[in-house]
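Here's the structure we're looking at; comments come further down.
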Amino acid sequence: FNRGYAIGLDGSEDAVARGNWFNGDDVSAVVFDHADDASRGRVDVSGVLSSPERFTWPVSSVREDTLWLGDILVPGRVEQKSGATLRIAPGTTVRFARKASLWSYGPFEALGTREKRIVFTAAEESDDKLYWDQFTTERTTARFGNCDFHNAYMAVHVHFSNVTIKDCYFSGNESGFRVRGGPVEVSDSLFEDNVYGMVTYLAKGKVHGNLFRRNDIGILIRAERRGGMHVNGNNIVANHRYNMRMGDFNNGEDVDARNNWWGSADGPGRTIRDARDEPGIGMIFYEPFATAPLKLNLPEVNGK
């Protein structure tokens, strides 16, 4: 990710640069030395590392345009300031210490690839699932693609931000994705083995082409506002308590949840909870519904 070379030798003397990581690049292409210019010395780059050394983010903020690459440890609360853009390079792992968090007040971008996914996870394993706190966007823009989120209290927490989530994987979190405000678009993503797959509150957005399974509650609509959320074309199945639930703050507002597969050709049945069960909390409008599983374009994660 250097604009020119990772190492450029200026002079005829040899240099030693052993035991470094070069992002998996061909070393001969990123080191400029005698092989490129006979007047230069040679750089000894033997012992190239196959994976990056972990780098602990040393300050409590990100104040300038920054690229995170490799293996990054977030030791506490880190704030990305509004004047800075933070990008996460493909293949990067961002590890959070217990209760650590990243708060984004400026443009954020984490766009991995199918071959080099970006991982947000806990720094250390524990029997307690609440390993790290949250990634929060506050009145900004953020894009996530081909990212994995594991073992967080609130993996992605959106406040009044324009956010897209695509080809992502959420597992083992208290909440995979929470949004207040928006607008958001969540597509082609997998939510499994979380307490809440997704939670929305007075939000605006589109949720389509996703799989919600084996969560305690697949999708919780805590407070709908004027039909702002559209949940269509998803497979929402085999969640332990409810596939979808309207929360206690809906005040009669309804949600559009048409054309989803609920795990049965007969529709959602008792896998949803709305005003049919608890008058006043709003309806989940699910008809028409899919009568067979929808074909989705989901990320390939751990062979799944």
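The values are calculated or read from the model by the stated rules, or taken from the named source; none is laboratory data. Because the structure is predicted, anything quoted here is derived from the model rather than measured. Here Cβ is always computed from backbone atoms with ideal geometry, including for glycine, and neighbour counts include all displayed protein chains. These accessible areas exclude ligands, DNA and RNA; they are computed on the full protein's heavy atoms, side chains included. Shrake-Rupley method; radii C 1.70, N 1.55, O 1.52, S 1.80 Å.
Things to note:
- Taken together, the residues in the stretch 253-304 that are part of a loop (DSSP other than H, G, I, E, B) and within 27 Å of the chain's Cα centre (by Cα) amount to 18.
- Among the numbered conditions (1) surrounded by fewer than 12 Cβ atoms within 10 Å (Cβ to Cβ); (2) within 21 Å of Ala100 (Cβ to Cβ), the only one that Leu73 does not meet is (1).
- For the stretch 4-60, filtering for residues that are assigned to a helix (DSSP H, G or I) and either under 30 Å from Leu102 (Cβ atoms) or of a type in the set (S, T, N, Q) (or both) leaves 2.
Every residue, every condition in (1) at pLDDT 90 or above; (2) open to solvent by less than 40 Å² (accessible area, probe 1.4 Å); (3) under 22 Å from the mean Cα position of the chain (by Cα), yes or no:
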{"residue": "Phe32", "(1), (2), (3)": "no, no, no"}
{"residue": "Val48", "(1), (2), (3)": "no, no, no"}
{"residue": "Phe55", "(1), (2), (3)": "yes, no, yes"}
{"residue": "Val59", "(1), (2), (3)": "yes, no, no"}
{"residue": "Thr66", "(1), (2), (3)": "yes, yes, yes"}
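- Total residues in the stretch 29-80 satisfying the condition of being of a type outside the set (D, E, K, R) and under 19 Å from Val119 (Cα atoms): the figure is 18.
- Just so you know, in the stretch 161-220 the residues that are in contact with an Asp or Glu (Cβ under 8 Å, 6 or more places away or on another chain) and of a type in the set (Phe, Trp, Tyr) include one that is farthest from Pro107 (Cα to Cα), and it is Phe212.
- Any hit, the stretch 81-95, residues being touching a residue at least 60 places away in the same chain (Cβ under 8 Å), open to solvent by less than 60 Å² (accessible area, probe 1.4 Å) and assigned to a loop (DSSP other than H, G, I, E, B): yes
- A search for C-beta distances below 6 Å between a residue of the stretch 143-157 that is at positive phi and any residue that is crowded, with 21+ Cβ neighbours inside 10 Å and of a type outside the set (Gly, Ala, Ser), counting only pairs 6+ apart in sequence or on different chains, returns Asn146/Arg117; Asn146/Asp167; Asn151/Tyr131.
- Answer from Ser187, Ser175, Ser161 - the residue that is within 16 Å of Thr200 (Cα to Cα) and touching a Ser or Thr at 6+ places or on another chain (Cβ under 6 Å): Ser161
- Candidate set: the stretch 256-290, residues that are acidic (Asp, Glu) and either open to solvent by 30 Å² or more (accessible area, probe 1.4 Å) or in contact with a His (Cβ under 6 Å, 6 or more places away or on another chain) (or both); chosen: the one farthest from Val237 (Cα to Cα): Glu278
- For the stretch 96-112, a residue qualifies if it is under 17 Å from Tyr131 (Cα atoms) and either open to solvent by 50 Å² or more (accessible area, probe 1.4 Å) or not in a strand (DSSP E or B) (or both), and the qualifying residues are Ala97, Arg98, Lys99, Ala100.
- Within the option set Asn194, Asn250, Asn243, being in a loop (DSSP other than H, G, I, E, B), open to solvent by less than 20 Å² (accessible area, probe 1.4 Å) and either closer than 17 Å to Phe160 by Cα or modelled with pLDDT of 95 or more (or both) holds for one residue only, Asn194.
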